[in-house]
Amino acid sequence: MKIIEGKLRLNGDERVAIINARFNHIITDRLVEGAKDAFIRHGGDEEKLSLILVPGAFEIPFALQKACESGKFDAICCVGAVIRGSTPHFDYVSAEMTKGIANVTLKYGLPVSFGVLTTDSIEQAIERAGSKVGNKGFEAMTGVIEMLNLYSNLKG
Ligand code: INI
């Protein structure tokens, strides 16, 4: 059986963007740190890493679409933190953001990863931003590196 998968290695040429939503920035700054750490540890050149900032998670799909259209990036890692409050805002923001990211990803066929936390509490978000449960930004960047290499292995 032939197994096709992507390696977890960059050669230093790949142009990667992180799209970060500033809302809950105490959390999302940590996710960016994790994503950047994963990029460098896997062989990425920091000069080729860009950080695109948007106000909140709802705006991630619009920036993602523009970034895909620009042709400037080989892969994009999205991070953010949507934390449930006492209003239904959480449900609208997280649903639209998730759908939007998936739609843009399918439309452009670029490797895109989803490192946006959707948690019930700030404590759960902290746990996923570099404490108890790891750093989802690191995981999202690692995932997009694998997908980038997988896509090149799937080329005809
Ligand atoms: N944006 C987030 O990224 N996280 C949240 O938890 C959040 N909450 O809870 O409201 C949030 N709202 C802002 C939203 O993403 C938009 O930026 C805003 O509605 C303006 O379009």
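The values are calculated or read from the model by the stated rules, or taken from the named source; none is laboratory data. Remember, predicted model here, so these are calculated numbers, not experimental data. Cβ atoms come from the backbone with ideal geometry, glycine included; neighbour counts cover every protein chain shown. Side chains are part of the model used for accessible areas, which takes the heavy atoms of the whole protein and leaves out ligands, DNA and RNA. Shrake-Rupley method; radii C 1.70, N 1.55, O 1.52, S 1.80 Å.
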- Task: Go through region 38-59 residue by residue and tally those that are in a loop (DSSP other than H, G, I, E, B), open to solvent by less than 70 Å² (accessible area, probe 1.4 Å) and within 16 Å of the ligand (Cβ to nearest atom).
- Result: 1
- Message: Given the options ILE145, ILE76, name the one that is within 21 Å of ALA35 (Cα to Cα), open to solvent by less than 50 Å² (accessible area, probe 1.4 Å) and either out of contact with any Phe, Trp or Tyr (no Cβ under 9 Å at 6 or more places or on another chain) or assigned to a strand (DSSP E or B) (or both).
- Response: ILE76
- Message: I need the full set of residues from region 88-134 which are part of a loop (DSSP other than H, G, I, E, B) and open to solvent by 80 Å² or more (accessible area, probe 1.4 Å), in order please.
- Response: ASP120, LYS132
- Check off (1) part of a helix (DSSP H, G or I); (2) open to solvent by less than 50 Å² (accessible area, probe 1.4 Å); (3) of a type outside the set (A, V, I, L, M); (4) in contact with a Gly (Cβ under 8 Å, 6 or more places away or on another chain) for ARG30 and give me the number that stays unchecked. (2)
- Note on the structure: ALA35 vs (1) crowded, with 21+ Cβ neighbours inside 10 Å; (2) within 14 Å of the ligand (Cβ to nearest atom); (3) not acidic (Asp, Glu): all pass except (2)
- Are any of the residues in region 70-77 within 13 Å of the ligand (Cβ to nearest atom), in contact with a helix residue (DSSP H, G or I) (Cβ under 7 Å, 6 or more places away or on another chain) and not aliphatic (A, V, I, L, M)? no
- Query: Mind checking which residues of region 95-134 are among the charged types (D, E, K, R) and more than 14 Å from ALA57 (Cβ to Cβ)?
  - Reply: LYS107, ASP120, GLU123, GLU127, ARG128, LYS132
